[in-house]
Amino acid sequence: MLFDCAGKSLDLSAPRIMGIVNITPDSFSDGGKFFSRDAALRQAVKLVEDGADILDMGGESTRPGSTPVEEQEEIDRVAPVIEAISAELDVPISIDTMKAGVMRAAVAVGAGLINDVNALRGEGALEAVAELNVPVCLMHMQGTPQTMQKEPHYQDVVSEVEAFLLERVAVCERAGIQADKIILDPGFGFGKRARHNLRLMKRLSRLTALPYPVLVGVSRKSIIGDMLKVDVNERLAGSLALASIAVWQGAKLIRTHDVRETAQAVKLTQHVQQVEDFD
Ligand code: 8Y7
């Protein structure tokens with residue numbers, strides 16, 4: 001359960017917090033590159049102070065309908081920030097990308113985990129991770145970020161997500177990626193309707209029963225908006241409720257924008273799990 005993230009260790013024997021750092025210009029009102037770089041750095045420092053165990057850095061938005069970014073542009077966005085953060089902070093850094101070139105460039109400047117919402121289906125991605133020898137998070141997505149929310153369809157979402165992830169694990173192992181470097185993620189919101197997300201959360205223990213740590217990302221997502229009819233700035237309580245349900249079922253990494261509050265929810269959930277039944 002100890003993951004070696006390019007020299008920085010991540011202990012997944014207990015649930016940990018992954019803090020989100022966006023390095024996409026459209027994530028910031030100002031939209032300028034320099035502002036976003038600086039903001040990303042300050043954000044990273046704050047998230048670590050708040051208790052993040054690992055930082056997830058992304059240079060391409062994967063929101064429904066978002067436009068893809070050229071590889072070099074994505075590298076230009078993320079590499080300087082990862083380099084600065086990995087020099088300044090002790091926590092492992094995860095690179096959120098679907099592109100092999102970005103994976104290589106990010107690991108070269110200090111990233112120690114690949115978070116691929118495309119589960120290494122992109123050109124050269126499998127080979128890149130096998131060579132880089134860092135842990136990888138394989139996420140389920142039906143469709144692509146451009147199309148995924150158009151017509152999500154499942155007979156049995158839990159079984160289909162599980163089967164997809166196990167197939168990707170098999171592909172990884174054939175490519176030379178060791179089983180003990182693999183993390184799985186059902187991909188909440190990625191080609192799923194509200195009921196699909198709810199079913200996956202209800203039955204998350206099916207995935208946590210597999211011999212791989214499970215990462216869950218529900219922070220501020222539309223599943224919360226769909227159920228509670230609250231916009232994105234009012235989804236903290238819902239995010240914490242879902243994080244607790246996930247940890248209760250054995251999730252080992254919670255990906256969140258709100259590290260401080262999520263760390264409290266996770267800790268409390270663990271206390272309930274660990275209390276002795278009798279005096
Ligand atoms: C997830 C993710 C996003 C997730 C993993 C958002 C990059 C959308 N969501 N990576 N990335 N799991 N592993 O709303 O659920 O944060 S982006």
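The values are calculated or read from the model by the stated rules, or taken from the named source; none is laboratory data. Here the structure is a predicted model, which means the values were calculated and not measured. Please note: Cβ atoms are built from the backbone with ideal geometry, for glycine as well, and neighbour counts cover all protein chains shown.
Would you confirm whether any residue within segment 49-56 is assigned to a helix (DSSP H, G or I) and not charged (D, E, K, R)?
no
Of the conditions (1) farther than 22 Å from His271 by Cα; (2) polar (S, T, N, Q); (3) within 17 Å of the chain's Cα centre (by Cα), Ser159 clears all except one; give me its number.
Single failed check for Ser159: (3).
Which of the residues belonging to segment 118-134 are of a type outside the set (Asp, Glu) and either under 14 Å from Val169 (Cα atoms) or in a helix (DSSP H, G or I) (or both)?
Once the filter is applied, which keeps residues that are of a type outside the set (Asp, Glu) and either under 14 Å from Val169 (Cα atoms) or in a helix (DSSP H, G or I) (or both), segment 118-134 yields Asn118, Ala119, Leu120, Arg121, Ala125, Leu126, Ala128, Val129, Ala130, Leu132.
What about Asp116, is it of a type in the set (Asp, Glu), touching a strand residue (DSSP E or B) at 6+ places or on another chain (Cβ under 7 Å) and closer than 19 Å to Ile224 by Cβ?
no
Name the single residue that is surrounded by the most Cβ atoms within 10 Å (Cβ to Cβ) among those in segment 168-179 being free of Cβ contacts under 8 Å to residues at least 40 places away in the same chain and not in a loop (DSSP other than H, G, I, E, B).
This residue is Glu173.
In segment 94-117, how many are within 16 Å of the ligand (Cβ to nearest atom) and either assigned to a helix (DSSP H, G or I) or within 20 Å of Ser61 (Cβ to Cβ) (or both)?
Of the residues in segment 94-117, 15 are within 16 Å of the ligand (Cβ to nearest atom) and either assigned to a helix (DSSP H, G or I) or within 20 Å of Ser61 (Cβ to Cβ) (or both).
Would you confirm whether any residue within segment 199-212 is within 13 Å of the ligand (Cβ to nearest atom), modelled with pLDDT of 95 or more, closer than 27 Å to Glu151 by Cα and of a type in the set (Lys, Arg)?
Within segment 199-212, none of the residues are within 13 Å of the ligand (Cβ to nearest atom), modelled with pLDDT of 95 or more, closer than 27 Å to Glu151 by Cα and of a type in the set (Lys, Arg).
Results for (1) more than 15 Å from the ligand (Cβ to nearest atom); (2) acidic (Asp, Glu); (3) at pLDDT 95 or above, shown as yes or no for each residue.
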residue: Pro145; (1), (2), (3): no, no, no
residue: Glu151; (1), (2), (3): yes, yes, no
residue: Glu162; (1), (2), (3): yes, yes, yes
residue: Ile177; (1), (2), (3): yes, no, yes
residue: Ile183; (1), (2), (3): no, no, yes
residue: Gly191; (1), (2), (3): no, no, yes
residue: Val218; (1), (2), (3): no, no, yes
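I'd like the full set of residues that are among the polar types (S, T, N, Q), touching a Pro at 6+ places or on another chain (Cβ under 9 Å) and at pLDDT 95 or above, limited to segment 9-52.
Of everything in segment 9-52, just one residue is among the polar types (S, T, N, Q), touching a Pro at 6+ places or on another chain (Cβ under 9 Å) and at pLDDT 95 or above, namely Ser9.
Kindly evaluate Ser86 against the criterion of being part of a strand (DSSP E or B), away from the ligand (no atom under 14 Å from the Cβ) and not aliphatic (A, V, I, L, M).
Judged against the criteria, Ser86 is not a match.
Give segment 135-167 a look and list any residue that's over 15 Å from Tyr212 (Cα atoms), outside any helix (DSSP H, G or I) and free of Cβ contacts under 8 Å to residues at least 60 places away in the same chain, or say none.
Hits for segment 135-167 are Met141, Gln142, Gly143, Thr144, Thr147, Lys150, Glu151, Pro152, His153, Tyr154, Gln155, Asp156.
Would you mention how many residues in segment 225-251 are of a type in the set (S, T, N, Q), outside any loop (DSSP other than H, G, I, E, B) and surrounded by 13 or more Cβ atoms within 10 Å (Cβ to Cβ)?
Residues that pass the stated criteria total 2.
Answer yes or no as to whether Ile254 is outside any helix (DSSP H, G or I), of a type in the set (A, V, I, L, M) and within 15 Å of the ligand (Cβ to nearest atom).
Yes: the conditions hold for Ile254.
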